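Down below is the structure, laid out as C-alpha cells.
The values are calculated or read from the model by the stated rules, or taken from the named source; none is laboratory data. Source: prediction; values computed, not measured. Heads up, the Cβs are rebuilt from the backbone with ideal geometry, glycines too, and the neighbour counts pull from every protein chain shown. Remember, those area values only see protein heavy atoms, side chains included, never the ligands or the DNA or RNA. Shrake-Rupley method; radii C 1.70, N 1.55, O 1.52, S 1.80 Å.
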Amino acid sequence: MARTSSSRALLLPLLVMVFTSYLATAAQYNVLSYGAKPDGITDSTNAFLAAWAQACSSVSPSTIYAPPGRFYLRNVAFKGPCKNNATVVRLDGTLQAPTDYRVIGSAGNWVFFQNVDGVTVSGGILDGHGSGLWDCKQSGKNCPSGATTLGFSNSKNIAISRLTSLNSQMFHIVINGCTNVRIQGVRVIASGNSPNTDGIHVQLSSNVTILNSKIGTGDDCVSIGAGTTNLWIENVVCGPGHGISIGSLGKDLNEPGVKNVTVKTVTFIGTQNGLRIKSWGRPSSGFVRNVLFQHAAMTNVQNPIVIDQNYCPGSINCPGQASGVEISDVIYQDIKGTSATQIAVKFDCSMKFPCKGIRLEDVELTYKNQPAGASCNNAAGTTSGVIQPDSCLA
C-alpha cells in the first residue's frame, strides 16, 4: 500500500510537468486577434483562415480558439498538410452560415478540412441556416444542391467532440477518404422534413468510431457509403430520421465494398427505418460483409430491420435489373421494440446474388401489441433464441 501511494505521489508531479510543458509549447491563436467579430454580422472568414495559416505553419502543437459569440462565415477550406500533427480547433461560440442559402449552396462544403493530420474540432455550434434551401427544394424550384456543414477529406487522426450541428443545408458531417477518426458526443439537429440532411456520412474511410451521440434529422442518422471498413458505432440515439443505413450502394459498376461494421447499443425513435442495408437494383462490383447489429431498441419504427436491394428511385436506369452487391455475414443480435408497420423484418435481396449468412439472434419486434410479420426474397440464414416475428429465412 505504501508503495502504491508513493508511486502516485511521484506520478502526479510528472503529469503536471507534462501538461505544463504542453501548454508552454502549444501555440494559441484567438480568431479575435485576426479580426473576427462575434456579432453574427461581420464576415469573419478571412480571420479564421489567417488563424489557420498560423497554426498550420507552426511546428508546435496549436490551438485555434473561437470565444463565445456568433461568427459569420462563408464557405471556408482549411487545407494541409501542416507542419504539426496536433491542431485543436476549440469552439466556445457559434459559427453561423449565411442566411441566404445561395451564398454557399453550390460550394459543396461550408467548413472543410482537407489533407490534414491530427486535427481536433471541439465544442461549439455550427449553424447551417439550411431551412431556406429546404423550402426551395420542397417547392420544386431550381435550387443549388446545398453545402455539407463539416467535411473532412483525405485526412487522418481526426477527432470531433462535443459539437452541435444545427440545420445543415445538406449533410451535417462527412468523412471522406480518411483513416483513424473519432466522433464523440455530437448532436445533430434538423427538421424531420429536411431533405438530404444525413447526420454523419462515412465513405472510402477506415477505422472510424462514432460514440455517444444524438442525431435527429430529415435523412439517415448515419449513412455508410462505399469503401467503408472497420467502422464502430455505439450508443447513438436516432430520431427523427431514416435510421442507420449501409448504402445506398451499387450506384456505380465498379465500387469498393463495405466490411467490418459494428453498430451496437442504438436507439431509434419514430424513424423511417432502423437498421437498413440498401443497394441499387443494377450491376455492381460492390459488397457488404461482416456486419454486426447488436442491442438495438426500436420505438414506433416503420421498418426496423430492412435489406432493400431493389432501390431504384424514379425507376430510372435500373428497372428489371438485379443488384450486383453481394451481402453476406450479417448478424442481428438483441433487436427489440415496436414496429409502426405490420412487416417489421424485410429482406428483399438480389435475384442474382442472394443474401447469405444472415443470422437472427433474440429478435423481438411487435406491431400494435401483436406479433409483427416478416418478408423474405432471396435471403438465406439461421436463427437462435427468441425470434419474433417468425423467421422467413431459407
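Give me the residue from segment 256-307 that is out of contact with any strand residue (DSSP E or B) (no Cβ under 7 Å at 6 or more places or on another chain) and not polar (S, T, N, Q) and, out of that set, modelled with the highest pLDDT.
Across segment 256-307, the extreme among qualifying residues is P256.
In segment 65-109, which strands (runs of 3 or more DSSP E) lie fully inside it and hold 2 or more residues that are more than 12 Å from I125 (Cα to Cα)?
Here the list reads 76-79, 87-91.
Tell me, which residue of segment 370-394 that is modelled with pLDDT of 95 or more and assigned to a loop (DSSP other than H, G, I, E, B) is surrounded by the fewest Cβ atoms within 10 Å (Cβ to Cβ)?
Here is the first cut: in segment 370-394, the residues modelled with pLDDT of 95 or more are 372-393.
Now restrict to residues that are assigned to a loop (DSSP other than H, G, I, E, B): 372, 378, 389-393.
Numbers: A372: 20, N378: 20, P389: 21, D390: 11, S391: 18, C392: 14, L393: 18.
Among those that are modelled with pLDDT of 95 or more and assigned to a loop (DSSP other than H, G, I, E, B), it is D390.
Considering only residues that are surrounded by fewer than 17 Cβ atoms within 10 Å (Cβ to Cβ) and in contact with a strand residue (DSSP E or B) (Cβ under 6 Å, 6 or more places away or on another chain), look in segment 71-89 and name the one that is nearest to S161 (Cα to Cα).
First, pick out the residues of segment 71-89 that are surrounded by fewer than 17 Cβ atoms within 10 Å (Cβ to Cβ): 74, 77, 79, 81, 83, 85.
Still in the running and in contact with a strand residue (DSSP E or B) (Cβ under 6 Å, 6 or more places away or on another chain): 77, 79, 85.
Details: A77: 20, K79: 20, N85: 17 Å.
Checking each candidate, the answer is N85.
Are there any pairs with C-beta distances below 6 angstrom linking a residue in segment 309-323 that is open to solvent by 60 Å² or more (accessible area, probe 1.4 Å) to a residue that is not in a loop (DSSP other than H, G, I, E, B), with the two at least 6 apart or on different chains, and if so which?
Short answer, once both residue conditions are applied: N310/D348; Y311/S248; Y311/K278; Y311/W280.
Tell me which strands (runs of 3 or more DSSP E) are completely within segment 286-363 and hold 2 or more residues being on the phi > 0 side of the Ramachandran plot and in contact with a Ser or Thr (Cβ under 6 Å, 6 or more places away or on another chain), or say none if there are none. Full working, then the answer.
Working: elements: 287-301, 303-311, 326-339, 343-348.
Here the list reads 287-301.
Kindly indicate the residue of segment 174-197 that is outside any strand (DSSP E or B) and either at pLDDT below 95 or open to solvent by less than 10 Å² (accessible area, probe 1.4 Å) (or both) and also farthest from L133 (Cα to Cα) among those meeting that condition.
Here is the first cut: in segment 174-197, the residues outside any strand (DSSP E or B) are 177-178, 185-186, 190-197.
This time we only want the ones that are either at pLDDT below 95 or open to solvent by less than 10 Å² (accessible area, probe 1.4 Å) (or both), so: 178, 186, 194, 197.
Working: C178: 29, V186: 23, S194: 9, T197: 11 Å.
Taking the candidates together, the pick is C178.
Take segment 110-130 and flag every residue that is open to solvent by 40 Å² or more (accessible area, probe 1.4 Å), in a strand (DSSP E or B) and touching a Ser or Thr at 6+ places or on another chain (Cβ under 6 Å).
The answer is Q114, I125.
Let me confirm something: among G128, G146, G140, G151, which residue is of a type outside the set (F, W, Y) and at pLDDT below 95?
G140
Output the residue which, of all residues in segment 324-342 that are β-branched (V, I, T) and more than 17 Å from D362 (Cα to Cα), is most open to solvent (accessible area, probe 1.4 Å).
We begin by selecting, within segment 324-342, every residue β-branched (V, I, T); these are 325, 327, 330-331, 335, 338, 341.
Applying the additional criterion that residues be more than 17 Å from D362 (Cα to Cα) yields 325, 327, 341.
Details: V325: 1, I327: 3, T341: 46 Å².
The residue in question is T341.
Taking into account only those residues within segment 265-282 that are open to solvent by 40 Å² or more (accessible area, probe 1.4 Å) and not in a loop (DSSP other than H, G, I, E, B), which is farthest from G218 (Cα to Cα)?
Result: T265.
Would it be correct to say that C56 is crowded, with 19+ Cβ neighbours inside 10 Å, assigned to a loop (DSSP other than H, G, I, E, B) and not charged (D, E, K, R)?
Values: crowded, with 19+ Cβ neighbours inside 10 Å: yes; assigned to a loop (DSSP other than H, G, I, E, B): no; not charged (D, E, K, R): yes.
For C56, the condition - crowded, with 19+ Cβ neighbours inside 10 Å, assigned to a loop (DSSP other than H, G, I, E, B) and not charged (D, E, K, R) - is not met.
Would you point out which residue out of V103, V121 is in contact with a strand residue (DSSP E or B) (Cβ under 7 Å, 6 or more places away or on another chain), hydrophobic (A, V, I, L, M, F, W, C) and at pLDDT 95 or above? Let's see the steps before the verdict.
Numbers: V103 fails: in contact with a strand residue (DSSP E or B) (Cβ under 7 Å, 6 or more places away or on another chain).
Of V103, V121, the one residue that is in contact with a strand residue (DSSP E or B) (Cβ under 7 Å, 6 or more places away or on another chain), hydrophobic (A, V, I, L, M, F, W, C) and at pLDDT 95 or above is V121.
With segment 203-253 as the region, which strands (runs of 3 or more DSSP E) entirely inside it contain at least 2 residues that are in contact with a Lys or Arg (Cβ under 6 Å, 6 or more places away or on another chain) and open to solvent by 30 Å² or more (accessible area, probe 1.4 Å)? First the steps, then the outcome.
Details: elements: 206-216, 222-224, 229-238, 244-249.
Correct list: 206-216, 229-238.
Report yes if some residue within segment 136-157 is assigned to a strand (DSSP E or B), open to solvent by 30 Å² or more (accessible area, probe 1.4 Å) and of a type outside the set (D, E, K, R); otherwise report no. Please lay out each step first, then the result.
Here is the first cut: in segment 136-157, the residues assigned to a strand (DSSP E or B) are 148-153, 156-157.
So of that shortlist, the ones also open to solvent by 30 Å² or more (accessible area, probe 1.4 Å) come out as 156-157.
Those still in the list that are of a type outside the set (D, E, K, R) too: 157.
Yes, that holds for at least one residue.
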